[in-house]
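S.K.: Following this message is one structure expressed as C-alpha cells.
Just so it is clear, none of the values below were taken in a lab; they were calculated from the coordinates. Remember, it's a predicted structure, so these values are computed and weren't measured experimentally. Please note: Cβ atoms are built from the backbone with ideal geometry, for glycine as well, and neighbour counts cover all protein chains shown.
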Amino acid sequence: MNILLAAPFYHQPRGNKVTVERISKGIQQAGLETTILSSTDPANYTKTLKADIYHGFHASHFFQFMKKRGETLSPYVLTLTGTDLNHDLFHAEKKDGVTKALEGARAIHVFTDDAKNKLLTELPSLQDKTYTIPQGVLPLSLNDRLKSKEEGTFLFILPAGIRKVKNVPFAIASLDKLRKKYPQVRLWVVGPVIEEEEGNLVRDLVEKHSDWVTILEPSPMRKWGPFIRRVMQS
C-alpha cells in the first residue's frame, strides 16, 4: 500500500515539513510505502498521481490543490495543521473551501482535544470521523553540533517561520520585560523569513536587542538533539 502525503510549501523549512516527514517515517515503520509532495508546487498540479490513500496537510491548501488539479483525490484523509483551523475556517473567502475539504475526507486528524472541540463546535457533523492523535518525535542523533549556549544564561528557543501570524515581536517584547529582572535571559529565533514585511520588522527588533536576541537560519531537526540534551542537563 502506498500513501501519498501532500503538504504545502514542503520544500521550505516550515513546521509542516517537519510534521509530514515525521508522520511519513512512522508510516514506513509500519511497513507501508509513502510519497511526499508539495501541494503548493505548480508542477504537481498536472503530475499524474497514483496512491491507495491520499493524506492532505492543511485543509485549505489541500482543497486548492485538488481544485487546481481539477479532480478529487480519493480516498483522502486530512490533518489540520493550525492556520486552517484557527484562521481559514473562520475566513469569509476560505471557509467554504475548508468546509468542503473536511466534509469530503474519510477521516480528519487533529493534534489535541482542544483542536477537536474547536472544529466540532463549528462543524458538529464531523464528529464521527474526527480523531485526536498527539504530536510525536523522531529519534535524534547525538553526533551533530550546533551553536553553543552562553554559559550562565537562560535560553529560550523559538522555532517559527517568520510571518505575522507567528507574532515573533510579541515574544521579543515579553522576554525584554523579563530581562529587567533576569538579565541572563537569551532568545534564539530559528526559522526562515516567509513574509518579507514581517521579516524586516523582526530583523529591526533583533538588531535593537542584539545583546540578547539572535536569529538563526533553520537547521535540520536532527541537529537539535544534542543541543537540547545539553541545555536540559545544564
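S.K.: Of the peptides 108-119, 25-36, how do they stack up when ordered by the mean number of other Cβ atoms within 10 Å, highest first?
M.R.: Values: 108-119: 16.8, 25-36: 13.2.
Per-residue mean Cβ counts within 10 Å order the peptides as 108-119, 25-36.
S.K.: Can I ask one more? Ranked highest first by the average count of other Cβ atoms within 10 Å around their residues, in what order do 8-18, 169-179 fall? Write out the running numbers ahead of the final one.
M.R.: Numbers: 8-18: 19.0, 169-179: 14.5.
Most protected by this proxy first, the peptides run 8-18, 169-179.
S.K.: Here's something else I'd like to know. Averaged over every viewing direction, what's the projected area of the C-alpha convex hull for segment 168-213? Give it in nm², one decimal, please. Before the final figure, lay out each step's value.
M.R.: Numbers: hull surface 12.0 nm².
Average projection, Cα convex hull of segment 168-213: 3.0 nm².
S.K.: Now for a separate question. Which value in nm describes the separation of the simple spin-label points at GLN135 and GLU150, placed 7 Å from the Cα toward the beta carbon?
M.R.: 2.7 nm
S.K.: If each DSSP helix of 4+ residues adds -39,500 (n - 2.57) and the sum is divided by the residues in the chain, what number results at 222 nm, nearest 500 deg cm²/dmol? Write down the numbers at each step before the final one.
M.R.: Numbers: 8 runs with 85 residues, N = 234.
That comes out to -11000 deg cm²/dmol.
S.K.: Please work out, to two decimal places, the log10 of the ratio I(q)/I(0) at q = 0.11, 0.22, 0.25 Å⁻¹ from a Debye calculation in which every Cα of segment 19-119 carries one identical scatterer.
M.R.: -0.33, -1.27, -1.50
S.K.: Once label points are set 7 Å from the Cα along Cα→Cβ at both THR214 and ASP128, what is their separation, rounded to one decimal in nm?
M.R.: For THR214 paired with ASP128, the spin-label model returns 5.5 nm.
S.K.: If you average the alpha carbon positions of segment 1-43 and of segment 72-135, how far apart do those two centres end up, in angstrom?
M.R.: After rounding, the separation between the Cα centres reads 18 Å.
S.K.: Quick one: if the Förster radius is 35 Å, what FRET efficiency do ASP96 and GLU33 give, using the C-beta to C-beta distance and rounding to 0.05? Provide the component values of the computation, followed by the final result.
M.R.: Numbers: r = 34 Å, r/R0 = 0.97.
That pair, ASP96 with GLU33, gives E of 0.55.
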